[in-house]
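Colleague: Below is the structure I would like to discuss, written out as structure tokens.
The values are calculated or read from the model by the stated rules, or taken from the named source; none is laboratory data. All values derive from a computational prediction rather than experimental measurement. In this analysis, Cβ positions are derived from the backbone assuming ideal geometry, glycine residues included, and neighbour counts consider all displayed protein chains.
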Amino acid sequence: MSALSQISTGSLPELPGSTVLRMDMTGDHEVLRVDLGTPRETLFCRFMVNPTQVAGGEVVLAGGIDAQGRSVWQVTLDLTNELVTFHVGGVQMTSALPTSLAWHSVEVGLDTSTGLVSLRVNGVPRGTATAVFNATQHAWLGVGFISIGPTGTIDVDHWVLADSPIGVPRSTPADEHAGDPRRWLVVYNRSDAESCVWADTYRDRRGVPYANLCGLVLPTTETTSAGEYESMRQQIGDYLDDNGLRDQIVGVLLGYRVPGYADVAGTGSLTPIASYLHTDDAHGLPVVNPLYQSEITQRPIASEFVSVRLTGRIDAPTLAEAIALIDRADDLIANPLAHDQGADLLIDINPDSASISPGYTLPVQDWATGQGVAQLRLPTIVYDEQAPTTASNEAVIWGWRDAAPPAGFFETQGGRRAICLQFDPLPDPAVTVRDAAATDWLSAAMQAGYAYAAAPSRAYSLSSLPLPHLFFEGLRRGWTVAEAWLVAQPFLRDGLQLIGDPLMPIPFPQAGYDVFGPSPRLDLIDFDKPLAVLHAGVKQFAIDAEDLPAQGQAVRYLVRAIDAQGRSDHASATAYLAVDSGQVIRPALPAWPTDAEWLVLERAGQLVLSAYWPASLDALGIDMVQLVVQSGSDDPVTHSAVTPVTGQRRVVFTIDRPAEPTRYRFISVQGVTSFDSPWSAEVLPAGIPSQSLTLLEASS
Amino acid sequence: MTILKYVDFEVPNFGELALPSMAVPDYASAVMALTPLAYWRMGEQTGTTLADETGNYPLQLSGAHSLLQDGALTYDNNEAIHFSGAVATANAPLLPGGVNAPFSVAFWVRAPAGPIDGGAIMGQFTTTSIGHTRLHIPDDGRLRLTILNGVDVYSTQQIDTSWRFAVLTRSGAGLVRWFVDGQLDVEQSGGGDAIAPIDFLLGQVTTNSVNFFLDEVAIFHHELSADQVRWLYGLAMGQLALPDGL
């Protein structure tokens, strides 16, 4: 039986093509060869290998042969111990190949002139050495030799031979934005087996390419020293450079059991590593955020991430809890927040402007008490004098408290809990997410079921405080949490951190109502400036006094229903309101004319002035309809009047064409109250062409 | 970076590769493909008969020995035999008798820990008579061929406690070569002496006691080429080389 076959069972999901080379361990030994033509002084060989369908034993599956046909180097897989070994010139380099990840990139490098040989697994150097060996002319791949024991199959794909380092097989992003998982580097800790499991889970759930999984040997402690952090920072940078990902990656996610804090000064004041990694700077100082947006305008694109990057962290006391953070982010997508799920916003804008820079508090207050927060279309509770003491089922909490959450703050567990952000650093800074007994805001929020939680790990400059109107507007526009978090921060690297899946957005409900007006005419309504933005559960709405018409005036309001997809065209209603003796009433106005400068009809040399009501005049309580004329600069006078009969919905006045420019309006009289229609366009005397007239004969 | 070759296996029948796939035989198959006169794998689990893979020359074993020793081949579970006084007899001459008759003997050998207790380990020898032939491992650990009143060739490399692949070849022109671990070690011309046509022995050929491990012994009535020796060594070690002609 042939050992080698081509199987279309699925290669790396992020790369084109689905066919792999399948090596059957129970078949004959068989290899594929490439004759490189001449002996290659420098050669790099890389292939992707999936050993998850084979058990036990050892197999030699790749190698090089010199011009005389002699073996130069080989690569073996120890399937029992999950190891890969590069053999060359008496040197052996071995690396772990944990099968918690399906596909692995294995790359060997040989330079005959210097004797330098190297092994790189999953894009990370695993060893270099010097050896004496001949130049490679033939490379092979296949089932060269196997020990007794292996059963099953090994899949191999993307075999590359080159004259310089190759790196992991990259997947080109389709999107310029950070929502594309190909723009994220996911760091996991090879020193912790569960970290590898988490990495593969995350890769599978988010579609992160294998090339973007950066497995490093890191401390297993949550807090690192300055030296350990510096090593980690450099390894991440090396990975980006070595694998050609520097320009592609816009975000770095620190995964489960990757260190999360650095004690750079050795004083116990911890800074989140995700905060530091916003830039490549070696120093630990805060920096101005070049992507901070004082007003949200455009979503940042990849080319703008020159000196700054997005970051994120997912960690928890246990692997299951870390995966739960992924689940919670998924749940927010599958079941978006809605007004009727008890999903409220709790905005605590303490402290007031006296205690923090007005530059921070005033925009926050404007946002929280104005239409800004209403854009999120959730019931909102704003605290501006005192801090809340409980949160029963708040989907979003943005707050400032001077202590860890009091006992019982999160009254219930779970529910619609999206994100909890608390920004007071003392006295209980968030310096761990791995300790299930921690009581700080970060841990408490995660334990309460939030998908995301943010809190500082140390004191910081208040100038660094993120601004909620920027953060939530980014989210409202569908940006990822990481993007919204970044653009909301005036300064970076100052001790603030956000835990949770940074690649995902938090969809806020779109359904609701937009109220526009007051406006004298519909066509004058500014649809960019709603009077009010309401969630879908609102059944009545009180107009502020300053937005009501003056006594005796009538204005239009428009209520536009927004559907769940944010579409505004499926329903709307208008209201024409007037104020009479301080009471807002709804006048019985004609259905036509409604707009100022309405056109007058002319038929057989006479003017025909018609008005229509949506219901019969008697049903509307209209006692009389008058026609008022205003010639030139004269005062308006009543030209004629009719008393409607039962069921009448239309009133028509037929009059002569005026002798001087004249305009007309209808007045409907309801008891002591009358309501004016808009004035018509001015009608010119006979013999003067008038654009205000509509000639029925001409058009019929 | 210059990509010399990129194969993603999307083209049917390995169409991205100019060369057809190559079968890689296991060591025993490769030996048999070289048409040995006799080939004893030494993997017996019990008994005193050592099977010949060709079916022609089973050996009868007597004396002190231990079966089921760890074998020499890296990717093969076949066992080896520890000879500690035993001798195995073929009841036939296996080394060719004619002057300049070519032949080869390939075997894997290692010494037990401690000083080497040297002596002849195989041959066609009964007395110190012309043409009686022995392959020795002297106390210094080198390999040696002697044909009485004829050639006497030592290897430069020495046997130790690790398995070594030893191949002795004689060409039709009387050129004698020792190969060790797939590489030519020494060669000496003028070695085409006639070999006495007496029974082939394996183990303690003379009264000198010897103590060593043997595995995968094969005799050929032709001269193995250097490429063939290297090919066999690579297959044994799990190192793929290209066989002669490829």
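Colleague: Here's a check for you: in region B:206-228, which residue that is at pLDDT below 95 and over 21 Å from B:Ile81 (Cα atoms) is nearest to the other protein chains (Cβ to nearest Cβ)?
Modeller: The extreme case among them is B:Asp227.
Colleague: Could you list, in sequence order, all residues of region A:615-664 that are basic (Lys, Arg) and either part of a loop (DSSP other than H, G, I, E, B) or touching a Cys at 6+ places or on another chain (Cβ under 8 Å) (or both)?
Modeller: A:Arg649, A:Arg657
Colleague: Residue check: is A:Ser171 of a type outside the set (Asp, Glu) and either part of a loop (DSSP other than H, G, I, E, B) or within 30 Å of A:Ser71 (Cα to Cα) (or both)?
Modeller: Spelling it out, A:Ser171 is indeed of a type outside the set (Asp, Glu) and either part of a loop (DSSP other than H, G, I, E, B) or within 30 Å of A:Ser71 (Cα to Cα) (or both).
Colleague: Please find, within region A:275-306, the residue that is surrounded by the most Cβ atoms within 10 Å (Cβ to Cβ) out of those that are among the small types (Gly, Ala, Ser) and closer than 24 Å to A:Gln234 by Cα.
Modeller: Across region A:275-306, the extreme among qualifying residues is A:Ser275.
Colleague: Could I ask something else about it? Hey, among A:Leu110, A:Leu119, A:Leu77, which residue is outside any loop (DSSP other than H, G, I, E, B) and away from every other protein chain (no Cβ under 14 Å)?
Modeller: A:Leu119
Colleague: While we're here: Only one of these is in a helix (DSSP H, G or I) and on the phi < 0 side of the Ramachandran plot: A:Gly215, A:Gly227. Name it.
Modeller: Every option except A:Gly227 fails the conditions.
Colleague: Looking at A:Leu15, is it at the interface with another protein chain (Cβ under 9 Å from one of its Cβ atoms), within 44 Å of the chain's Cα centre (by Cα) and surrounded by fewer than 20 Cβ atoms within 10 Å (Cβ to Cβ)?
Modeller: Considered against the rule, which asks whether it is at the interface with another protein chain (Cβ under 9 Å from one of its Cβ atoms), within 44 Å of the chain's Cα centre (by Cα) and surrounded by fewer than 20 Cβ atoms within 10 Å (Cβ to Cβ), A:Leu15 comes out as yes.
Colleague: Across region A:143-177, what is the number of residues that are more than 19 Å from A:Arg40 (Cα to Cα) and within 7 Å of chain B (Cβ to nearest Cβ)?
Modeller: So the count comes out to 7.
Colleague: Still on this model: Taking the conditions exactly as written (loosely packed, with under 12 Cβ neighbours inside 10 Å, outside any helix (DSSP H, G or I) and not assigned by TED's automatic domain parsing to the domain that holds A:Gly370), does A:Ala573 satisfy them or not?
Modeller: yes
Colleague: Would you call B:Tyr75 of a type outside the set (A, V, I, L, M, F, W, C), more than 7 Å from every other protein chain (Cβ to nearest Cβ), out of contact with any Cys (no Cβ under 6 Å at 6 or more places or on another chain) and closer than 24 Å to B:Gly238 by Cβ?
Modeller: Answer is no for this residue.
Colleague: Give the residue that is farthest from B:Ala241 (Cα to Cα), with candidates limited to residues of region B:1-44 that are away from chain A (no Cβ under 13 Å) and among the aromatic types (Phe, Trp, Tyr).
Modeller: Among residues in region B:1-44 that are away from chain A (no Cβ under 13 Å) and among the aromatic types (Phe, Trp, Tyr), the one farthest from B:Ala241 (Cα to Cα) is B:Trp40.
Colleague: Another one. Filter region A:18-35 down to the residues that are outside any loop (DSSP other than H, G, I, E, B) and at the interface with chain B (Cβ under 7 Å from one of its Cβ atoms), then identify the one that is farthest from A:Gly63 (Cα to Cα).
Modeller: Taking the candidates together, the pick is A:Val20.
Colleague: State which residue is farthest from A:Ala334 (Cα to Cα) when the search covers only region A:476-486 and only residues that are surrounded by 24 or more Cβ atoms within 10 Å (Cβ to Cβ) and of a type outside the set (S, T, N, Q).
Modeller: Filtering region A:476-486 for residues that are surrounded by 24 or more Cβ atoms within 10 Å (Cβ to Cβ) and of a type outside the set (S, T, N, Q), the one farthest from A:Ala334 (Cα to Cα) comes out as A:Leu486.
Colleague: Looking for something under 16 Å from the mean Cα position of the chain (by Cα), of a type outside the set (S, T, N, Q), assigned to a strand (DSSP E or B) and under 21 Å from B:Pro93 (Cβ atoms) - is there at least one such residue anywhere in region B:141-162?
Modeller: Looking through region B:141-162, at least one residue is under 16 Å from the mean Cα position of the chain (by Cα), of a type outside the set (S, T, N, Q), assigned to a strand (DSSP E or B) and under 21 Å from B:Pro93 (Cβ atoms).
Colleague: Please go through region A:262-282 and give me each residue that is more than 19 Å from A:Asp241 (Cβ to Cβ) and either assigned to a loop (DSSP other than H, G, I, E, B) or free of Cβ contacts under 8 Å to residues at least 40 places away in the same chain (or both), ordered by number.
Modeller: A:Ala262, A:Val264, A:Ala265, A:Gly266, A:Thr267, A:Gly268, A:Ser269, A:Leu270
Colleague: Can you tell me which residues in region A:47-64 are more than 10 Å from chain B (Cβ to nearest Cβ) and under 39 Å from the mean Cα position of the chain (by Cα)?
Modeller: Hits for region A:47-64 are A:Val49, A:Asn50, A:Pro51, A:Thr52, A:Gln53.
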